[in-house]
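> My structure is below; once you've seen it, I'll send some questions.
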Amino acid sequence: MRDAVIVEAVRTPIGKGRPNGALAHVHPVELLAHTLRTLVERSGVDPALIDDVIGGTVDQVGEQAMNTTRYAVLSAGFPESVPATTVDRQCGSSQQAVHFAAQGVISGAYDLVVACGVESMSRVPMWSNVPEGKDPFGPGVAARHPGGLVPQGISAELIAAKWSVSRERMDAFAVESHRRAAAAWEGGLFDAEAAPLDGVTRDECVRPDSSTEVLAGLRSAYYDPGFGERFPQIDWNVTAGNASPVNDGASAVLITSGETAARLGLRPLARLHSFAVTGSDPLLMLTGVVPATEKVLRRASLTLDDIDLFEVNEAFSSVVLAWQQETGADLAKVNVHGGAIAIGHPLGASGTRLTTTLVHAMRERGARYALQTMCEAGGLANAMVLEGL
């Protein structure tokens, strides 16, 4: 069986997903096109050799409609013969793109493929693809969940309550995310992955001066008396400080086989070892990272102790801390260069952003095995194991 390796990985700096954000002036197609151009420039690959480009985008409407990935390929200057498609597995969309791309290489369907993602939350706000008054779930889901599903912030509160994750622990985790991200920038550890754009050279949401004292003063981000009555166990401790922000950004990784990499003179960064995707309770919604981690480790014939580095998407502090309680993972190995709470969470781009950060951290630290997992709306999660080369 053929293998699949990552030979290049890049991302934009991540901007605030607000009208005044550093990247708000950039059309999402151009955000993604920038990473695609940078990817082929840094790798030296002729884009005409690329068999497919698989991109993730969550809110596929407005400026992110009509197969955004295809138009990014054209804007990047790739030959018209290079195809592209856009996938949606919510926050894990571009991690799913990595899975699909690697599986295509392993099967022999592809020799050279790009997995990527983009989200401009300043220009296409979250939930833009659900018009007011429209129900995206349908009557069957309503019958199955008679109390109704809940927003992700309420799920994060329910997770904090179920796993007894305190406000203090969530805030401390968030502060550490900012500390690690700031240290990574200062130490030049993001230089190899960052693709500066229009004078934007660093992630806009990283706050080196963040502190638990400052975060303790923030009010609940999701307080709702109706949900409070329905879920009296909620303590309303999830805030803007211990949750990921909304962001603009793009990221991309170049995947091929080891044989093709050798033939083209490309240096592999990591081998894509094993994959898993799971469903979980759509009410808690964000807990699928636990069974996904267990499933991918079984498929890889590895144990938690074999993993040197973890990337667990920081949608909310409570998600990562509950995952840690269930798995027993060492937090010193988790999101070592900071996570989404500090760096940002541009939905469709986050999967390949995590992969980009992870493969460069693996190379920098000499890691043998690394594991990436992401929670996703609707009660889903992706996980994969990478092997250092």
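The values are calculated or read from the model by the stated rules, or taken from the named source; none is laboratory data. Treat the numbers as computed from the prediction; the structure is a model and nothing was measured. Counting neighbours? That spans all protein chains shown, and the Cβs are built from the backbone with ideal geometry, glycine included. With ligands, DNA and RNA removed, areas are computed over all heavy atoms of the protein, side chains included. Shrake-Rupley method; radii C 1.70, N 1.55, O 1.52, S 1.80 Å.
> First check a/c for segment 233-389, with a ≥ b ≥ c the square roots of the eigenvalues of its C-alpha gyration tensor; if it is under 1.5, answer rounded, and if not, answer prolate when a/b is larger than b/c or oblate otherwise. Don't skip to the answer; put the middle values down first.
Details: a/c = 1.88, a/b = 1.54, b/c = 1.22.
Because a/c hits 1.5 or more and a/b exceeds b/c, segment 233-389 counts as prolate.
> Quick check: at a probe of 1.4 Å, how many percent of the accessible area of segment 295-388 sits on carbon and sulfur atoms? List each step's numbers first, then the result.
Numbers: 960 of 2340 Å².
After summing per-atom areas, the C and S share lands at 41 percent.
> Could you work out which residue, out of Met285, Met66, Met374, moves most in a Gaussian network model of the chain, that is, has the largest mean-square fluctuation with Cα springs under 10 Å?
Met66
> Oh, and also: Top mean-square fluctuation among Gly56, Gly226, Gly339, Gaussian network model of the chain, C-alpha springs under 10 Å?
Looking only at Gly56, Gly226, Gly339, the biggest GNM fluctuation is shown by Gly226.
> For segment 67-145, what class follows from the C-alpha gyration tensor (a ≥ b ≥ c being the square roots of its eigenvalues): rounded when a/c is under 1.5, otherwise prolate if a/b is larger than b/c, else oblate? Before the final figure, lay out the partial values.
Details: a/c = 2.97, a/b = 1.60, b/c = 1.85.
The shape class here is oblate.
> For Cα extents along the principal axes in Å, the listed values are (i) 75, 51, 38; (ii) 62, 46, 43; (iii) 62, 54, 38; which was obtained by calculation from the structure presented?
The value computed from this structure is option (ii).
> Something else now. Setting aside same-chain residues fewer than 8 positions from Lys333, which aspartates and glutamates have a Cα under 15 Å from its Cα?
Glu176, Asp305, Asp306, Asp308, Glu311, Glu314, Glu364
> Checking the cross-link filter: which aspartates and glutamates have an alpha carbon closer than 16 Å to that of Lys162, excluding same-chain neighbours under 8 positions apart?
Within the straight-line cut-off, Lys162 pairs with Asp235, Asp281, Glu326.
> Can you compute the FRET efficiency between Asp198 and Leu74 using 1/(1 + (r/R0)^6), with r the Cβ-Cβ distance and R0 = 22 Å? Round to the nearest 0.05. Can you show the working numbers first?
Working: r = 20 Å, r/R0 = 0.91.
Calculated transfer efficiency: 0.65.
> Hey, can you list the DSSP H helices of the chain whose Cα span along the axis is 27 Å or longer and whose average Kyte-Doolittle score is at least 0.5? Spell out each step's value before the answer.
Values: long enough: 167-186 (29 Å, -0.86).
Result, helices passing both filters: zero.
> For segment 239-317, taking Cα atoms only, what is the radius of gyration to one decimal and the Dmax to the nearest whole Å?
16.8, 50
> R0 = 51 Å: FRET efficiency of Ala48 with Val214, Cβ-based, nearest 0.05?
On the way: r = 51 Å, r/R0 = 1.00.
After rounding to 0.05, the efficiency reads 0.50.
> Rounded, prolate or oblate: which one fits segment 1-120, using the alpha carbon gyration tensor with axes a ≥ b ≥ c (rounded when a/c is under 1.5, else prolate when a/b beats b/c, else oblate)?
Values: a/c = 1.82, a/b = 1.55, b/c = 1.17.
Verdict is prolate for segment 1-120.
> If you don't mind, there's one more thing I want to ask. In nm, to one decimal, how far is the Glu326 label point from the Met126 one, both placed 7 Å along Cα→Cβ?
Modelled inter-label distance: 2.0 nm.
> So what is the diffusion coefficient of segment 208-277 in µm² per second by Stokes-Einstein at 4 °C and 1.567 mPa s, using a Kirkwood Rh over Cα pairs? Provide the component values of the computation, followed by the final result.
Details: Rh = 17.4 Å.
This corresponds to a translational diffusion coefficient of 74 µm²/s.
> GNM, the chain, Cα, under 10 Å: largest mean-square fluctuation among Glu63, Glu30, Glu186?
Glu186
> Give me the accessible area of Tyr223, 1.4 Å probe, in Å² rounded to the nearest 10.
140 Å²
> Pull up the DSSP beta bridges for the chain and report the antiparallel fraction as a percent, rounded to 5. All intermediate terms of the calculation are to be shown ahead of the outcome.
On the way: 39 of 55 bridges.
Among the beta bridges of the chain, antiparallel pairing accounts for roughly 70 percent.
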